[in-house]
1. Within the set of pairs 6 or more residues apart or between chains, which connect a residue that is at positive phi inside region 249-277 to a residue that is surrounded by fewer than 20 Cβ atoms within 10 Å (Cβ to Cβ) and modelled with pLDDT of 95 or more with Cβ atoms less than 9 Å apart?
2. Identify, from the list S519, S569, S479, S557, the residue that is under 33 Å from the mean Cα position of the chain (by Cα), at pLDDT 95 or above and surrounded by fewer than 17 Cβ atoms within 10 Å (Cβ to Cβ).
3. Among the residues of region 527-536, which ones are outside any strand (DSSP E or B) and open to solvent by 30 Å² or more (accessible area, probe 1.4 Å)?
4. Can you find a residue in region 173-193 that is surrounded by 15 or more Cβ atoms within 10 Å (Cβ to Cβ), touching a helix residue (DSSP H, G or I) at 6+ places or on another chain (Cβ under 9 Å) and assigned to a helix (DSSP H, G or I)?
5. Of all residues in region 493-521, which are out of contact with any Phe, Trp or Tyr (no Cβ under 9 Å at 6 or more places or on another chain) and either of a type in the set (G, A, S) or outside the structural domain of V405 (by the TED database) (or both)?
6. In region 485-502, how many are closer than 17 Å to V405 by Cβ, among the aliphatic types (A, V, I, L, M) and either open to solvent by 30 Å² or more (accessible area, probe 1.4 Å) or in a helix (DSSP H, G or I) (or both)?
7. Among the helices (runs of 4 or more DSSP H) confined wholly to region 1-110, which include 1 or more residues that are crowded, with 19+ Cβ neighbours inside 10 Å and modelled with pLDDT under 95?
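The values are calculated or read from the model by the stated rules, or taken from the named source; none is laboratory data. In this text the structure is predicted, and so the values were computed from the model without any measurement. Glycine gets a Cβ as well: all are built from the backbone with ideal geometry, and neighbour counts include every protein chain shown. Note: accessible area is taken over every heavy atom of the protein model, side chains too, but ligands, DNA and RNA are not part of it. Shrake-Rupley method; radii C 1.70, N 1.55, O 1.52, S 1.80 Å.
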Amino acid sequence: MWRRLRSALRSLRGSPAAPPFGGGGLPPAPMERAVVRCVPSEPKLSLRFVLPDGSARHMQRDQAEPLGRALARIATNAAKGHGKAGKKSKKARAEGGAEGEAAVPAVRLFSRDGAAVAEEVPNSAAWQDGAVLHIGDARYRVERNPPALTELRLPRSLLAGFPVCPKVSAEFAAPQHCLFRWFREQRPAGGGDAAGEAWVETAAAERVFTPSNALVGLRLKLRCTPGDGEQRYGPAREVESSGPVEAGPGACTFDARHLYTKKICGHGSVRAVSYNILADTYAQTEFSRTVLYPYCAPYALEIDYRQNLLKKELAGYSADLICLQEVDKSVFMDSLAPALDAFGLEGLFRIKEKQHEGLATFYRRDKFSLLSQHDIAFSEALLSEALHKELCEQLAKYPLVQEKVLQRSSVLQVSVLQSTTDPSRKLCVANTHLYWHPKGGNIRLIQIAVAMSHIRHVACDLYPSIPVIFCGDFNSTPSSGTYSFISSGGIAEDHEDWVSNGEEERCSMSLSHPFKLLSACGEPAYTNYVGGFHGCLDYIFIDKNALEVEQVIPLPSHEEITTHQALPSVSHPSDHIALICDLKWK
């Protein structure tokens, strides 16, 4: 069959060719689209087009295959389509003859300049953007790798006064180059049920839309057209919200803080945020609802509700660096990364071993580029990396403590960033969440010793003398051994934290590190405020030889924190409070 089609194609090529864009002085008729997807890393390309009879064709062909084979297959498909259309016609069936067996149409491909593309050219090179495919009398303009949306999704929960950030995934396009049009549901006249769906376009044409109180009770619709920044646009897609806009909670604990962070810092400064955002995997348990946070309204513990507050809070800080702890993987992928991307921040995620949550670091794209990542799991690094060999040998003397350390899933996220305006300025940004148990001071000391050795390797060996910013939930108060070790550079073997869980778990060793670190936000009365505990557990440590504090954003007042007894609450999405400071290079 293929030989017969190839022969037919060759004979056609021997005859005078019709000009690819029509002739006779008449303007060319509008062309259909032939969409080609060709990615170098994949062995096949795909070709999609609609035949004149209305039947859609979707073909997969080897990229290395000669064009002639692909054209022959298109001819076969077109003939089949024509044959099926003929069978549907009773008149054609009655007439029989030539109509009974469909003729094979001439199929040719012309380049943008009108020259016929040779059969021997491989598919990957033949199907170029702007080429024209002829199938009989039909003409198709080839669109190679046009912008296309692969996912468009709105959050499940919409609150008036809170930004709605759609999840936009695209191929051969970027969200910042897409076109957005927002619509609201038409409110029924007289307050009754609408007879049919009607949508009214809003004035908003940005990626992020903040519904007003006037839209409470109405659903939203988004129409997105993918673009690639080179004036190429793909087919638009629409998505409607699953529910209506609901009333917001009113004043939130972060509203007053946003007054200090309306503008992004200048290029000589860096605004850093550290925040344990309370993982959904911990908030949505019976224990959390009845024991840990019984004072919090159940709906305010729901992830959809809390995500509305979190996205507004984080976006309003206009930060350059955001280090988050207790980030659910799904929350990062589906909510925070798309939302903060819309505000100019790139996100990195490191999950804890055997957990559903982990750490996230975001950096402002127009201020920093990512040079490298050096994330570790403490237990794994302790056993496998040479720079922890001495500590590992010391720890082996205390098998009970060693076992507990190796059972922990805690991780350290380390990212090396470079200034986009001054390449000589680099930063080592570390983020961690240490072991939580109140009697686990000795475990935390081992974890922080591993962390400091690893950071020293990155900031002294791999990138000599770059400044360090170390953020996290250290689960350690200012009176703890961990805090003392980080800020002073050493800890004695007789420190009381070595026996934090009794004599049977005593673990005595002296530790040191070379950094001069300062808690940029000082020692607040608390960064964690729940019903049974409040204390300072979170810090932003900075290299005081290279960086200095320009401004610390005040924490919410005690009255704001305790308005609903404790945290989290309807006006605050976590049981921790974000730390925010502006830093500048010395």
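1. G250/G161; G250/V570
2. S557
3. Of everything in region 527-536, those that are outside any strand (DSSP E or B) and open to solvent by 30 Å² or more (accessible area, probe 1.4 Å) turn out to be G531, G532.
4. Narrowing region 173-193 to residues surrounded by 15 or more Cβ atoms within 10 Å (Cβ to Cβ): 173, 175, 177-178, 180-185.
Imposing the further condition that a residue be touching a helix residue (DSSP H, G or I) at 6+ places or on another chain (Cβ under 9 Å) reduces the set to 175, 184-185.
The next check asks that each one be assigned to a helix (DSSP H, G or I); those that pass are 175.
The answer is yes, given that some residue of region 173-193 is surrounded by 15 or more Cβ atoms within 10 Å (Cβ to Cβ), touching a helix residue (DSSP H, G or I) at 6+ places or on another chain (Cβ under 9 Å) and assigned to a helix (DSSP H, G or I).
5. Result: S500, G502, S510.
6. Summing the residues that are closer than 17 Å to V405 by Cβ, among the aliphatic types (A, V, I, L, M) and either open to solvent by 30 Å² or more (accessible area, probe 1.4 Å) or in a helix (DSSP H, G or I) (or both) in region 485-502 gives 1.
7. Passing ranges, in order: 2-14, 67-88.
So that you can scan it fast, the table gives a plain yes or no per residue for (1) in the same structural domain as D129 (by the TED database); (2) β-branched (V, I, T); (3) within 17 Å of E120 (Cα to Cα):
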| residue | (1), (2), (3) |
| --- | --- |
| V39 | yes, yes, no |
| E42 | yes, no, no |
| L45 | yes, no, yes |
| V50 | yes, yes, no |
| S55 | yes, no, no |
| R61 | yes, no, yes |
| E65 | yes, no, yes |
| A72 | yes, no, yes |
